[in-house]
Each structure stands twice: as structure tokens, then as C-alpha cells.
Amino acid sequence: MLGEFLEISLSTGDILASVQFYERLGFRHAQAGETWRHPYAVLSDGRLYLGLHQYAFPAPALTFVLPGLRSKLAPLAVLGIEFEFCKLTEDDFNEAGFYAPERQMITLLEARTYSPLRPAAGGESLCGYFREYRLPVHDRESSWRFWERLGFVTTDANPGTPAGSRWLSTGGLNIGLPANPRERQVQLVFEREHTRGLGDLLEQRNITFKPDHDDDGAATLSITAPEGTRLLIRGVDF
């Protein structure tokens with residue numbers, strides 16, 4: 001219903017600082033088009049694509065590509081979705097956006113805004129394998145039903161996720177909805193099989209981190225990007 005997942009869109013006041021931060025983590029540039037008038041860059045680990053926008057908007061946003069956008073909005077409206085913005089004129093790049101529960105912005109675009117990396121050009125960053133977009137919620141069951149109505153599929157708990165958790169999944173994106181987490185902000189959750197010495201590598205690249213534990217007690221490293229994005233690296237041998 002939402003189309004193809006494109007990117008996690010991040011708003012940054014200093015795109016150079018954000019780009020350099022993700023480069024130090026091992027993310028690589030995807031070739032961005034000239035869709036936007038504001039500065040825009042896309043960094044990827046081969047699986048996760050982060051769109052860095054030097055532009056103020058409700059972020060992070062989950063952005064999808066839905067060709068024929070103008071004709072695809074009516075079925076969403078039938079579900080009771082109220083659009084925060086719709087740009088559908090001949091002079092605009094067609095886009096629309098609405099809020100999911102917890103004021104999670106979802107953006108729909110008419111077409112792609114970058115070229116994906118070739119498989120050989122990807123590869124994991126220092127963060128490891130991207131596992132989930134973790135969105136804390138107050139009413140888990142109500143939120144779950146909302147995402148399922150949008151076409152997300154429920155998957156059972158997986159290794160590397162907090163005990164008893166489930167995911168909502170669509171191509172390339174898993175969303176976790178913890179109901180009573182210690183962390184109330186959105187987190188990008190990664191997992192590394194081998195993490196010994198990771199702290200030293202991060203320090204060498206001038207990346208500040210905080211050792212912590214996840215909700216299920218698993219050892220983690222928490223990192224905050226320049227634009228405020230929270231990254232959580234789960235590991236077994238910190």
C-alpha cells in the first residue's frame with residue numbers, strides 16, 4: 001500500500017557534519033539526484049539507506065516510493081489517514097506525508113531520489129547488520145493494527161531482538177514497537193556478531209559512544225549522530 005521503502009529521512013542543520021560522521025562509521029555514498037532544492041546526500045551500508053536533508057521537517061521520517069501517487073492516496077484516506085501535506089501539482093515533485101502513531105512521519109514520493117548501490121559496493125559498516133527501526137509506543141496493540149493495515153507483515157521474535165518482541169516488516173525494513181522501553185526516542189538498532197575491540201575503533205575515528213544494556217539485558221553501545229539520530233549496536237562480546 002505504501003510502495004517501495006526508500007530511506008530513513010533525517011533532518012540535519014549541518015549536512016557536512018552528518019555526512020562525515022556516517023562516513024567514519026563506514027557508510028558509503030549513493031548517487032543522489034537533483035530532486036530537492038535543499039542540500040541532500042544519501043549514505044548506505046548496502047542495506048540501510050539514510051537520506052540526509054539540510055531542511056527542517058518532522059524527522060526521522062520513513063520514506064517510500066509510490067509511483068502514480070496522485071491516484072494512490074484515496075485508498076489511504078479510506079483507512080482514516082489524514083495527510084499533513086500533499087504536493088501534487090504539475091510544478092512540484094509529487095509527495096505526500098502523514099503521521100503514524102507516536103507522530104511518526106511517513107512520506108510518500110512519486111519516484112526515487114537516488115540510485116541504489118551495487119551489491120559489491122555495499123558491505124556492513126562498523127555498526128554491523130541493520131536489524132530494526134525501533135519506535136517506542138504507548139499503545140502497542142493499537143499501533144500494531146495501524147501498521148498492519150498499511151500492509152506490514154508481523155514476524156515472530158528473532159535472534160538479536162529483545163525477548164518476546166515481534167517485528168512489523170516490509171521490504172528492507174523491520175519496525176519494532178516496544179511498549180515500555182527505557183529509551184523513549186526512536187533508535188536505529190544494529191547487531192554485530194564480533195564486537196571485541198569495537199570501542200577502540202570508534203575512538204580512533206573520533207566517534208563518542210556509551211556502553212549500556214538493551215531492554216533484554218544484552219550489551220550495547222549507544223551512539224548519537226550530529227543531527228540527533230540515536231544508533232544502538234547490540235553485541236555478544238563487549
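The values are calculated or read from the model by the stated rules, or taken from the named source; none is laboratory data. No experiment lies behind these values; they were computed from the predicted model shown. We place every Cβ from the backbone using ideal geometry, glycine too, and count neighbours over all the protein chains shown.
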Point to revise | Residues of the range 205-221 classified as at pLDDT 95 or above and either in contact with a His (Cβ under 8 Å, 6 or more places away or on another chain) or polar (S, T, N, Q) (or both), total | key: 2
Practice item. Residue by residue through the range 8-22, note down the ones that are more than 11 Å from Ala41 (Cβ to Cβ) and out of contact with any Asp or Glu (no Cβ under 9 Å at 6 or more places or on another chain). Key: Ile8, Ser9
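Conditions tested, residue by residue: (1) under 26 Å from Thr195 (Cβ atoms); (2) surrounded by 15 or more Cβ atoms within 10 Å (Cβ to Cβ); (3) of a type in the set (Gly, Ala, Ser).
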{"residue": "Leu2", "(1), (2), (3)": "no, yes, no"}
{"residue": "Ile8", "(1), (2), (3)": "yes, yes, no"}
{"residue": "Gly13", "(1), (2), (3)": "no, no, yes"}
{"residue": "Arg24", "(1), (2), (3)": "yes, yes, no"}
{"residue": "Glu34", "(1), (2), (3)": "no, no, no"}
{"residue": "Ala41", "(1), (2), (3)": "no, yes, yes"}
{"residue": "Asp45", "(1), (2), (3)": "yes, yes, no"}
{"residue": "Leu48", "(1), (2), (3)": "yes, yes, no"}
{"residue": "Ala56", "(1), (2), (3)": "no, no, yes"}
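Taking the residues in the range 84-104 that are free of Cβ contacts under 8 Å to residues at least 60 places away in the same chain and crowded, with 17+ Cβ neighbours inside 10 Å as candidates, determine which candidate is farthest from the chain's Cα centre (by Cα).
In this case the residue turns out to be Asn94.
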Practice item. Being acidic (Asp, Glu) and touching a residue at least 60 places away in the same chain (Cβ under 8 Å) is the filter; apply it to the range 191-218 and report the residue that is farthest from Leu6 (Cα to Cα). Key: Glu193
Point to revise | Complete set of residues in the range 74-83 that are surrounded by fewer than 19 Cβ atoms within 10 Å (Cβ to Cβ) and touching a residue at least 24 places away in the same chain (Cβ under 8 Å) | key: Pro75, Leu79
**Study point:** Residue among Ala111, Ala96 that is within 13 Å of Gly68 (Cα to Cα) and in a loop (DSSP other than H, G, I, E, B)
**Key:** Ala111
Check your understanding: Condition test on Leu188, is it over 23 Å from Glu7 (Cβ atoms), crowded, with 19+ Cβ neighbours inside 10 Å and at pLDDT 90 or above?
Key -> no
